[in-house]
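Structure first, commentary second.
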Amino acid sequence: MQPELIENRVLAEIRIGDRAVLEKTVRREDIDLYAVLSGESGSDRAGSGAARLLAPATFGASLISTIIATMLPGLGSVQREQKLDFLKPVALGDILTAALTVTEKDERTHAVTFDCRVVNQAGDLVVSGSVVAIAAVEKISHQRLDAPDVRFSRHERFRDLMEQAASDTPPLTAIVHPCSAAAIGAAIEAAEARLIRPILVGPRAKILKAAEDAHVDLDHYPIIDTLHSDAAAERAVALVSTGEAQLLMKGSLHTDELLHAVLAPESRLRTGRRLSHVYIMDVPTYPRPLLVTDAAVNIAPDLMAKRDIIQNAIDLAHVMGIALPKVAILSAVETINNKLQSTLDAAALCKMADRGQITGALVDGPLAFDNAVSLEAAAEKGITSPVAGQADILVVPDLEAGNILAKQLTFLAGADAAGIVLGAQVPIILTSRADAERTRMASCAIAALLARRKAVAAGQSS
């Protein structure tokens, strides 16, 4: 147990030969935090072909600084100079032992010289050299403070999706009106990641200008020239309906323009399902991917529209490898109230799942948001449910609620949100200028996985 008070070693208390030791197991959080504070970043691999994250070369020296600042001399000391050799890489999982030994002491300048050694769990010398610190001449003590719980958003789930989706033969994708630097850049990024093969549909002059602004080369990508965005949407939809493309991706036109072309009777892209939007969210504080629907297409869906919204999300979850997704139908409360339509819809949807009108998932509701994502909150309310506290899919009452929820998770919880529209013959990739690169890539990856599954199913049925 750590003492409640820590205090320094003043100059008069320090003797030649005094020693202080600190042991540290290198965690991912340590490497990330060090990179943020120092401005240094490590490598993704240690040695030839070994998938071990490397810390920056100076990471071992940080243990030396910690000893000087907190142990010997401790509080009030100032590190003046160092002469260190960095002899071996530091990798994730290494157990480092730093040892400082006093070799000189100058009463006039208050300088204390230390011999410094940092070794790893194998006894290999990682850092070696000397450090000079100025020791305090007065005692200083204060209560030990608990270190804050620092979390980093690494979004590794999206990285896994992109690795699964990358292919030497990615699906041909009609990019609708890619006439901004952000839109054309997103398409080319996805192509270079082997997620899609773009067909650029829109006014040629505007596409070329956008490519120039984005500093991308279009030599390897076909351009289908159209007069304006409406014509681009119609032409891209026609490419998909004739089998010349397998995916649609929104460029710099409004979502309504694209969906109008998709829903036109002559498009042949409509199915028996209602179109709906799903956010696939990578929330750093949640232990699994979280699907939020619908936050972008259906403004105030009725009961049957919600049935389609739920089934679309379930089918997507299956493609993502979630065999039996847990669906939480959200409301403000977890009990049925005839004055709150969302609770009545939730009750009906649960019964529809019991009767096979919704399949492939566990469905429960109404559930308040806290009861849907927190086992502790569900237990506190006495809710017994296979869904409560561990939802994979959150079904919101309407678009406003979904939009607010998704943006709260993004801006307050550090989530990334990939977006896709389902319910048509092909998935529709929606991206925004504000999206991070990994978000755009994840949207394309999910669509590519859906296209691959459709192609496999078509091959099996033929």
- Task: Can you work out which of the residues in segment 110-138 that are under 16 Å from residue 21 (Cβ atoms) and in contact (Cβ under 8 Å) with a residue 60 or more places away in the chain is surrounded by the fewest Cβ atoms within 10 Å (Cβ to Cβ)?
- Result: 131
- Every residue from segment 110-158 that is outside any loop (DSSP other than H, G, I, E, B) and at pLDDT below 90: 141, 142, 143, 156, 157, 158
- Note on the structure: Expected single match for over 28 Å from the mean Cα position of the chain (by Cα), assigned by TED's automatic domain parsing to the domain that holds residue 312, surrounded by 15 or more Cβ atoms within 10 Å (Cβ to Cβ) and in a loop (DSSP other than H, G, I, E, B) among 336, 358 is 358
- Message: Among (1) without any contact (Cβ under 8 Å) to a residue 24 or more places away in the chain; (2) under 19 Å from residue 421 (Cβ atoms), there is one condition residue 196 misses while meeting the rest; what is its number?
- Response: (1)
- Message: Among the residues of segment 362-374, what is the count of those that are small (Gly, Ala, Ser), touching a residue at least 24 places away in the same chain (Cβ under 8 Å) and surrounded by fewer than 23 Cβ atoms within 10 Å (Cβ to Cβ)?
- Response: 1
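Name the residue, out of 81, 107, that is surrounded by fewer than 18 Cβ atoms within 10 Å (Cβ to Cβ), over 12 Å from residue 11 (Cβ atoms), assigned by TED's automatic domain parsing to the domain that holds residue 33 and modelled with pLDDT of 90 or more.
On the way: 107 fails: over 12 Å from residue 11 (Cβ atoms).
Unique residue meeting the criteria: 81.
The values are calculated or read from the model by the stated rules, or taken from the named source; none is laboratory data. Bear in mind the structure is a predicted one, so any value in this text is a computation, not a measurement. Heads up, the Cβs are rebuilt from the backbone with ideal geometry, glycines too, and the neighbour counts pull from every protein chain shown.
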